[in-house]
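Data first, discussion second: the structure below is written as structure tokens.
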Amino acid sequence: MYVPKRSGKDLAGVESADVDAKDFEDIEREQESAVFLRRPSNVARIEGATREYNFQAMKLLAAGNEDLLDRDIILHNLEVQQKRTWGLLSLPFSLIFFFAFAYSAFQHEDVTNRYVIESGLSTVLGEGTSEISTIGETWTWMNDVFFPKVFKQTDYRGEPLTDKSDWSHVLSYNALVGPVWIEQERSTKILCSDESDIAKDMYCYDAETSDISDFGVDVPFVISAPEDSNYAGGNVTLEEKIEFFQRPFKVSEETGASSRRLRIMLPTFQDRLSGGSLSAGIGKDITFSAAFYPNMPYDEIQERLNYMYQRQWIDKQTKHINFFATFLNVEMGRPRLQSFSLTLSFARSGDVFRKLRTDTIFLSFWSGATSMAADAAYFVLLMIVTVLEIRDIYKLQQKRKLSSYIRTGWFLLQWVTILVGWGIILMYQYLNLALGSLQDDLDALVDAQSADIPAETNLLGGSFIDNTSTWAYNATYLAIVVAQFHLLLMMRFFVAFRAQPRLGVVVNTLEACMLDILHFLVILFPSGIAYAISGCFVFGKRLEEFSDIKSAIGYCFKILVETEYDWPELSEEHYWTTGLWVWSFMVFLAMLMLNMVLAIVLDVYSEQRKSAGKSESITETIMSIWTIFRNRERWLGTRKIMDVMKDAPRMLTKTEFLELFPTMLEKQSSIIIESCQLTAQNIHAGPEQMKHTMRMAMALKVAMDDVGEAVDQLDGGTYQNQENLSQLSDEHWAYQIQKELTMQNHDMMNLQWQLQQLNWQWQAMELAHGKGAVFNMNGEEMKKEPLKVL
């Protein structure tokens with residue numbers, strides 16, 4: 001608002017009106033602001049801003065005029081429409097890419113059939129393992145559950161099976177291939193030592209040590225003589241049978257287990273075993289193993305197990321026992337090997353922990369023509385993505401815009417997708433090649449079983465167990481990468497969804513609130529850690545969920561998300577302490593913190609929805625695409641329209657716009673005009689318009705200040721024409737004065753002549769109407785009064 005300059009007389013009048021001193025401060029502050037704005041350094045910038053916001057005012061008026069169109073808005077809408085078209089076209093491509101990879105992965109993994117087979121084997125062979133807690137219960141489970149079910153040599157009626165090819169079938173259709181391999185690692189038995197020497201007379205079995213010396217209690221056990229009818233592929237001497245029975249009590253050099261099989265156990269489980277991690281110091285040179293072949297008569301299997309039991313193959317020095325078995329199934333689609341592994345860890349606390357695992361090894365890489373077609377489609381689509389990305393990088397490099405593109409999230413997403421995608425292909429090929437050596441070992445085992453080679457002289461099986469374990473180990477991590485790659489491909493959907501305005505609101509909301517959520521997690525994470533550590537001390541000694549910090553964090557997160565907890569179990573001890581922990585956790589984390597996340601998301605969503613205005617819905621987008629496709633032969637290209645509009649006036653009418661494109665369809669022109677008007681309304685009704693209004697008001701204030709200053713100078717008789725002064729600045733001062741006096745004399749003569757003419761007209765009026773005549777605005781004569789001479 002313009003505030004005119006005030007003379008001393010005016011200020012005196014203000015003081016007489018008892019105005020507060022704050023008013024004087026406001027007046028002085030506004031005058032100082034005006035002086036600051038009129039500084040020479042700001043004049044050019046302010047004049048440019050005045051012209052710009054003059055045009056903004058025109059655009060604001062045009063927004064309410066349905067006949068006027070803004071060229072800049074039309075160009076902006078066309079550019080957005082072009083990007084939106086490519087974005088919408090990328091959505092079907094992303095969907096095809098995603099489903100091609102998903103179908104290809106399902107064909108390779110065969111998840112449904114794997115679950116049916118593996119869950120059955122885990123249920124049958126893992127029966128009773130959760131109840132094992134002592135060495136004695138381990139032997140009981142081996143004799144009563146595991147070996148009878150694996151080495152089944154009778155039919156469902158209990159009659160012996162005479163054909164050895166029918167032996168050792170689990171769940172009827174899973175035939176044992178190769179030996180059942182049992183191995184253990186042992187710790188060293190030493191006298192305990194500590195600073196106080198309290199346990200100096202006791203023996204300790206340090207789980208961090210390993211013992212490779214021969215062991216076994218000497219007991220009077222008579223090994224029966226071998227029978228010639230046991231094997232059709234050869235006979236066995238008593239010495240060979242005795243040596244075969246004694247193998248488990250010494251480290252076997254030719255058939256030892258590799259350390260990789262023991263590393264299959266998850267790290268979270270390894271931390272709870274005796275000695276911590278299984279991977280520390282475990283190798284084929286420190287394990288003691290025993291092999292039981294499928295063609296062994298069950299009486300001989302029982303005799304060997306009894307021999308191991310009597311000589312205490314499992315004792316206090318045992319740290320871990322691994323059971324390995326491989327089954328062949330050819331009934332469920334592709335031929336496959338089912339790998340079964342069970343690890344029993346004897347913790348030095350006295351308990352026994354278990355880890356059971358089953359894996360599938362497909363002997364055929366493809367399941368059929370559909371699987372090959374899915375792989376080919378995925379390969380072609382990944383090649384297209386790679387080539388297009390390389391092409392875009394080359395174009396950006398030519399335009400010198402590559403550095404800015406590299407800093408975008410889309411660049412990172414594209415190249416992670418490309419690299420991981422090709423890595424998955426290479427990994428599948430590696431597993432396919434690894435099947436070669438596995439097939440060779442399998443063929444050798446099948447030939448040995450067909451020839452019924454005696455178990456005492458059969459040294460096969462160790463390499464086969466190693467190869468199956470290695471293959472399963474690699475396939476497990478490949479399956480994890482494949483699972484995460486699906487989530488990575490899902491991120492491409494969000495980029496495509498942004499092309500649709502309504503869907504873009506959701507995507508923009510997630511992107512905009514991410515920073516606030518990260519700051520929120522800075523507070524939430526240490527709070528959750530504090531409650532987890534506190535829970536370890538309160539509940540850890542009696543509840544497994546709080547027995548270690550990682551489990552406690554997971555259980556606290558479960559409570560936070562589900563807002564459910566087992567109060568009787570938690571409050572079994574220390575009722576009030578538990579109440580303080582639980583209630584504060586629920587109030588502070590579950591009620592306040594979790595709801596703050598929802599508040600952040602909803603607040604950002606409301607802002608994004610408001611800024612989007614009346615945007616196009618999904619239905620309207622589909623109808624628009626259909627309209628363009630139906631009229632594609634006569635539909636003008638976006639690039640052609642943009643090239644013409646760049647030379648058009650900044651403001652034009654509908655008629656002028658239609659004259660620029662005489663061949664444009666009425667439907668296309670109406671879409672462009674309506675989108676332009678809608679965008680203008682959204683711009684001038686949105687929060688940015690307040691900024692434009694304030695800037696236009698500031699530009700108006702500068703102009704009003706100039707007018708006010710000119711009026712004050714005219715009133716004081718000090719006004720000078722700045723344009724004339726600038727033109728005369730280079731002339732001589734005497735000549736300037738002479739020219740000014742000449743102009744003033746001329747003006748005075750003109751003024752005298754006009755005053756003379758006015759005097760003559762006044763005399764004529766007096767002669768016609770008399771002195772003192774008064775007229776109204778319509779020229780009608782009113783009552784006569786004496787003329788007052790001033």
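Structure notes:
- Average accessible area per residue (Å²) across segment 542-591 - probe 1.4 Å, nucleic acids and ligands excluded: 61 Å²
- Summed residue charge, Cβ within 12 Å of D441's Cβ, Lys/Arg positive, Asp/Glu negative: -4
- Cα gyration tensor shape for segment 298-456, rounded if a/c is under 1.5, else prolate or oblate: oblate
- Separation of the alpha carbons by more than 29 angstrom is noted, of K399/K646; K316/K355; K152/K241; K164/K355; K164/K319, for K164/K355; K164/K319.
- Alpha-carbon centroids, segment 398-474 and segment 161-203: separation in whole Å: 29 Å
- Burial ranking of peptide ranges 542-550, 343-351, 625-633 (average Cβ count within 10 Å, highest at the top): 343-351, 542-550, 625-633
- Sorting 133-143, 155-165 by their mean Cβ neighbour count within 10 Å, with the most densely packed peptide first, gives 133-143, 155-165.
- Label-point separation in nm, D299 to D72, each point 7 Å along Cα→Cβ: 10.1 nm
- Cα gyration tensor shape of segment 441-499, rounded if a/c is under 1.5, else prolate or oblate by comparing a/b with b/c: prolate
- Alpha-carbon centroid distance for the pair segment 510-526 / segment 578-630, whole angstrom: 15 Å
- With R₀ fixed at 60 Å, the C-beta to C-beta distance from I523 to S450 puts the FRET efficiency at about 0.30.
- Overall, the anisotropy analysis places segment 386-472 in the prolate class: the square-rooted eigenvalues a ≥ b ≥ c of its C-alpha gyration tensor yield a/c not less than 1.5, with a/b exceeding b/c.
- Förster-model FRET efficiency, 41 Å R0, F221 and S193, C-beta, rounded to 0.05: 0.70
The values are calculated or read from the model by the stated rules, or taken from the named source; none is laboratory data. As the structure is a computational prediction, the values presented were derived from the model and not from experiment. Counting neighbours? That spans all protein chains shown, and the Cβs are built from the backbone with ideal geometry, glycine included. For accessibility, only protein heavy atoms count, side chains too; no ligands or nucleic acids. Shrake-Rupley method; radii C 1.70, N 1.55, O 1.52, S 1.80 Å.
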